[in-house]
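Chemist: Structure below; questions to follow.
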Amino acid sequence: MRNLTARQALGWAALLFALASAGACTEKPQAARRIDPVEAMGQLRNGFAVLVDVREESELTSGWAQGAMKFPFSAFEAKGAAWDDFVKRLPKDKLIMAYCASGRRAELVARELKRQGFEVANLGPFSGWMSSGLPVEGGPAPRAEGKKK
């Protein structure tokens, strides 16, 4: 086995340090903070936030949160002019709260918006909004009392 000189050992140590540090320098997107539906409604009522529904058009048959901007996740994935135009319409001085059917797509959109300098929150699934009894637009007509499904 060959003995290393001090200079060679220092060179190897510097190389190993550089390789180890390279992995630490890669930027991982930060998760968006979660916000519950009641807190989200308070933010909306006070004018501190906007709500973004990232479900696809076909998923809107159950309605959407009152006042929500709609932008389908498929358009987000395409990262084209429609996404750029949408981002330009978002206010930089308000919290952007995203939701979808499960919260997964909302998280991806929120992370990207955060990367672009927006304050964001993930509201999670639309079902949480509905089960909290918060206002909904669109969707099926309400059933009259006593009628069967």
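The values are calculated or read from the model by the stated rules, or taken from the named source; none is laboratory data. As the structure is a prediction and not an experimental result, all values here were calculated from the model. For neighbour counting, all protein chains shown are included, and Cβ atoms are generated from backbone atoms with ideal geometry for every residue, glycine included.
Chemist: Kindly indicate which of GLY63, GLY80, GLY146, GLY67 is in contact with a Gly (Cβ under 7 Å, 6 or more places away or on another chain) and at pLDDT below 95.
Modeler: On the way: GLY80 fails: in contact with a Gly (Cβ under 7 Å, 6 or more places away or on another chain); GLY146 fails: in contact with a Gly (Cβ under 7 Å, 6 or more places away or on another chain); GLY67 fails: in contact with a Gly (Cβ under 7 Å, 6 or more places away or on another chain).
None of the other options fit; the residue is GLY63.
Yes or no, residue by residue, for (1) within 12 Å of the chain's Cα centre (by Cα); (2) surrounded by fewer than 16 Cβ atoms within 10 Å (Cβ to Cβ):
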{"position": "ASP53", "(1), (2)": "yes, no"}
{"position": "GLY80", "(1), (2)": "no, yes"}
{"position": "ILE96", "(1), (2)": "yes, no"}
{"position": "ALA106", "(1), (2)": "yes, no"}
{"position": "ARG115", "(1), (2)": "yes, yes"}
{"position": "TRP129", "(1), (2)": "no, no"}
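Chemist: Among the residues of the stretch 101-124, what is the count of those that are under 24 Å from ASN46 (Cβ atoms) and touching a helix residue (DSSP H, G or I) at 6+ places or on another chain (Cβ under 6 Å)?
Modeler: 4
Chemist: Next question. Residues of the stretch 14-57 being part of a helix (DSSP H, G or I), over 20 Å from LYS94 (Cβ atoms) and at pLDDT 60 or above, which ones?
Modeler: Within the stretch 14-57, just GLU57 meets the criteria.
Chemist: Looking at ALA75, ALA121, ALA106, which one is modelled with pLDDT of 95 or more and assigned to a helix (DSSP H, G or I)?
Modeler: ALA106
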